[in-house]
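The values are calculated or read from the model by the stated rules, or taken from the named source; none is laboratory data. Source: prediction; values computed, not measured. So basically every Cβ, Gly included, is an ideal-geometry build from the backbone, and we count neighbours across all protein chains shown. Just so you know, the surface numbers come from the protein's heavy atoms only, side chains and all, with ligands and any DNA or RNA stripped out. Shrake-Rupley method; radii C 1.70, N 1.55, O 1.52, S 1.80 Å.
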Amino acid sequence: MVCHVFSSFSSSLIRVLEAPLLLPAASASSSSSSPASRSGGRRRRAAHVRPSPAIYPGRQELASHSSMLPTDFDIQVLIERHEALTDDVQEMLQHQRRRHQKTASGGRERIATVDHLRRLCIDHYFQDEVDDAMDACLLEELAHGGDLLDATLAFRLMREAGHHVSADEVLGRFTDDNGEFRLDYRKDIRGLLSLQDISHMNIGQEASLCKAKEFSTRNLESAINYLEPNLARYVRQSLDHPYHVSLNQYKARHHLSYLQTLPIRCTAMEELALADFQLNKLLHQMEMQDIKRWWMDLGLAQEIPVARDQVQKWFVWMMTAIQGASLSRCRIELTKIVSFVYIVDDIFDLVGTREELSCFTQAIRMWDLAAADSLPSCMRSCFRALHTVTNDIADMVERDHGVNPINHLKKAWAMLFDGFMTETKWLSAGQVPESEEYLRNGVVTSGVPLVFVHLLFMLGHDVSQNAAEFVDHIPPVISCPAKILRLWDDLGSAKDEAQEGLDGSYKELYLKENPGLAAGEAEEHVRRLIAGEWEELNRECFSASPSRSSPATTFPAGFTQAALNAARMVGVMYGYDGERRLPVLDVYVRMLLF
């Protein structure tokens with residue numbers, strides 16, 4: 001069980017928590033307006049110009065936080081408490097199983113419990129019990145014969161498990177002759193909440209789910225005005241952060257608060273979720289310490305002062321995408337890869353001339369440190385560090401899984417540099433690319449394909465036979481979150497366009513190609529593209545069979561889950577408010593890390 005993995009980390013956790021936290025204070029220079037570069041006045045693309053988000057605690061808050069950290073004894077007590085609560089919940093699940101065998105309602109109770117375990121992110125501790133409760137016949141019966149709550153919950157669990165289930169068939173019983181949802185469901189709050197959940201699981205051309213979203217949203221918005229305060233808050237949070245497109249750990253805290261207000265409760269399950277949350281937070285603090293120490297020793301922040309120094313933000317990407325105590329080392333190493341994506345981007349935007357960047361790219365293709373000897377010091381230092389981390393990951397994969405992927409990782413780095421070089425050529429030549437050409441290249445320069453190629457090998461998935469195709473033809477499970485990231489980022493850059501000139505955003509390029517469109521129409525077009533990428537990503541995640549576009553390749557569940565989590569985090573990372581701040585990211589970081 002994962003709790004035993006936590007036990008193996010206990011001594012490391014204690015050492016980390018006894019030391020002061022090494023988290024960065026807010027820095028106005030970290031991502032404020034860009035200075036002129038050394039490449040003849042090139043500007044940073046506006047898609048990367050961001051006010052520094054208020055996600056870093058100040059020194060006084062850090063000191064206060066450090067004084068409240070648990071002691072050696074507290075951590076051991078927490079681990080033992082976690083194990084005891086796991087046993088209690090397991091006993092409860094076994095009791096439910098026996099009751100299910102005697103009564104028809106027992107099956108519904110077990111399915112509801114599975115839902116709570118998943119929403120609280122503790123279902124993996126009870127995989128055998130969860131698998132046993134997910135009886136296909138029962139789910140089919142509930143989906144096609146239960147009430148609105150039963151049917152939509154069964155639909156969601158079946159679709160998440162990769163079973164084919166028709167939204168039209170399941171929801172048809174709740175509509176009138178015109179295909180509209182019947183008005184008598186307007187007051188069924190729990191049913192509406194579940195209907196809202198499944199409405200975001202559209203895999204394309206599912207009109208019934210589009211109607212479900214409109215119907216549930218309209219009636220839940222109206223219901224907030226008369227619901228009791230605790231339920232009203234839960235409904236508001238569910239509308240603002242829909243279950244399927246939001247990070248599960250973030251949603252878990254709100255679901256726990258909701259469960260604690262109900263008259264009938266399972267305190268063991270609630271307390272286990274809380275203990276698990278606390279242990280994960282301690283583990284993430286340990287990982288953050290490790291990464292911060294590496295970054296400070298590296299010295300790139302001092303050597304390239306114009307580059308971003310946002311260690312915490314880089315870690316949050318991996319902290320939220322990759323789940324599980326057993327993948328701690330994976331999160332740490334991939335955060336280093338993420339950091340280089342940002343640093344290399346800044347070198348291309350702010351530091352190098354076109355000739356220097358071309359030589360930098362050629363050195364990466366050759367994977368030869370000597371080839372970078374004639375480059376500026378910052379490029380040589382970056383290449384050495386990048387080279388070391390990548391080779392270390394390749395060696396780790398070979399030790400763990402018996403295959404060394406360095407040739408494929410080198411090719412993935414060369415692809416990223418080629419993408420940045422393409423943007424440099426466009427900018428230096430004053431060339432305006434077509435919007436679709438820009439988006440294809442933007443998938444590469446997002447860094448998502450690079451990071452996920454590393455992840456795939458670290459998870460032990462051998463793509464040696466088709467790795468060349470994997471890098472050259474990016475599969476949808478990777479390209480979808482990459483496009484979602486690029487398009488969201490571009491939407492956020494709109495307010496900077498007038499000051500920054502050509503920013504290369506998809507929206508701006510689309511407007512140039514369609515001069516009759518208003519800015520609002522172009523933005524709506526971009527949002528439709530994002531919705532379309534979500535539908536394709538849903539098809540990838542909810543299909544038990546290989547991808548239609550890459551039928552020879554199947555991916556481990558942890559890989560597709562990481563891709564889904566990355567897509568979920570995009571709106572948080574680029575969800576700017578009117579003051580160009582990231583309030584939701586602030587909440588995420590404080591909830592999950594501090």
### Task
Answer with yes or no whether Lys292 is of a type in the set (Lys, Arg), buried (at least 21 other Cβ atoms within 10 Å of the Cβ) and closer than 18 Å to Leu593 by Cβ.
no
### Query
Do we find that Asn404 is polar (S, T, N, Q), touching a helix residue (DSSP H, G or I) at 6+ places or on another chain (Cβ under 9 Å), without any contact (Cβ under 8 Å) to a residue 12 or more places away in the chain and open to solvent by 10 Å² or more (accessible area, probe 1.4 Å) in this structure?
yes
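Collect the residues in region 424-446 that are over 26 Å from the mean Cα position of the chain (by Cα) and either in a helix (DSSP H, G or I) or not charged (D, E, K, R) (or both), keeping them in residue-number order. Don't jump to the end; show me each part of the working.
Going through region 424-446, the residues over 26 Å from the mean Cα position of the chain (by Cα) turn out to be 424-434.
Residues satisfying the conditions are Thr424, Lys425, Trp426, Leu427, Ser428, Ala429, Gly430, Gln431, Val432, Pro433.
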### Query
In this structure, is Cys266 open to solvent by less than 30 Å² (accessible area, probe 1.4 Å), closer than 24 Å to Leu120 by Cβ and touching a residue at least 60 places away in the same chain (Cβ under 8 Å)?
no
### Query
Any idea how many residues of region 171-186 are closer than 23 Å to Ile111 by Cβ and open to solvent by 20 Å² or more (accessible area, probe 1.4 Å)?
3
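Rundown of residues vs (1) assigned to a helix (DSSP H, G or I); (2) modelled with pLDDT under 95; (3) open to solvent by less than 80 Å² (accessible area, probe 1.4 Å), yes/no style:
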position	(1), (2), (3)
Asp197	yes, no, yes
Glu214	yes, no, no
Arg218	yes, no, no
Leu239	yes, no, yes
Tyr250	yes, yes, yes
#### Entry: Conditions (1) buried (at least 19 other Cβ atoms within 10 Å of the Cβ); (2) within 27 Å of Pro476 (Cα to Cα); number of the one not met by Met379
(2)
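Suppose we filter Phe348, Phe315, Phe360 for residues that are touching a Phe, Trp or Tyr at 6+ places or on another chain (Cβ under 6 Å), closer than 22 Å to Ala412 by Cβ and either buried (at least 21 other Cβ atoms within 10 Å of the Cβ) or not hydrophobic (A, V, I, L, M, F, W, C) (or both); which single one remains?
Details: Phe315 fails: touching a Phe, Trp or Tyr at 6+ places or on another chain (Cβ under 6 Å); Phe360 fails: touching a Phe, Trp or Tyr at 6+ places or on another chain (Cβ under 6 Å).
Result: Phe348 is the single residue among Phe348, Phe315, Phe360 that is touching a Phe, Trp or Tyr at 6+ places or on another chain (Cβ under 6 Å), closer than 22 Å to Ala412 by Cβ and either buried (at least 21 other Cβ atoms within 10 Å of the Cβ) or not hydrophobic (A, V, I, L, M, F, W, C) (or both).
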### Query
Given Gln237, Gln249, Gln205, which one is of a type in the set (S, T, N, Q) and closer than 30 Å to Glu80 by Cα?
Gln249
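On the basis of being assigned to a helix (DSSP H, G or I) and open to solvent by 30 Å² or more (accessible area, probe 1.4 Å), does Asp168 make the cut?
Numbers: assigned to a helix (DSSP H, G or I): yes; open to solvent by 30 Å² or more (accessible area, probe 1.4 Å): yes.
Criteria met by Asp168.
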### Query
Could you say whether any residue in region 322-339 is in contact with a helix residue (DSSP H, G or I) (Cβ under 8 Å, 6 or more places away or on another chain) and within 30 Å of Ala212 (Cβ to Cβ)?
yes
### Query
Do you know which of the residues in region 142-158 that are open to solvent by 10 Å² or more (accessible area, probe 1.4 Å) and either touching a residue at least 12 places away in the same chain (Cβ under 8 Å) or part of a loop (DSSP other than H, G, I, E, B) (or both) is nearest to Ile189 (Cα to Cα)?
Leu149
### Task
Inspect all residues belonging to region 324-335 and state whether any of them is closer than 30 Å to Leu279 by Cβ, charged (D, E, K, R) and open to solvent by 10 Å² or more (accessible area, probe 1.4 Å).
yes
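Looking at Phe215, Phe181, which one is under 21 Å from His244 (Cα atoms) and either in contact with an Asp or Glu (Cβ under 6 Å, 6 or more places away or on another chain) or among the aromatic types (Phe, Trp, Tyr) (or both)? Before the answer, list the steps.
Details: Phe181 fails: under 21 Å from His244 (Cα atoms).
Just one listed residue meets the conditions, Phe215.
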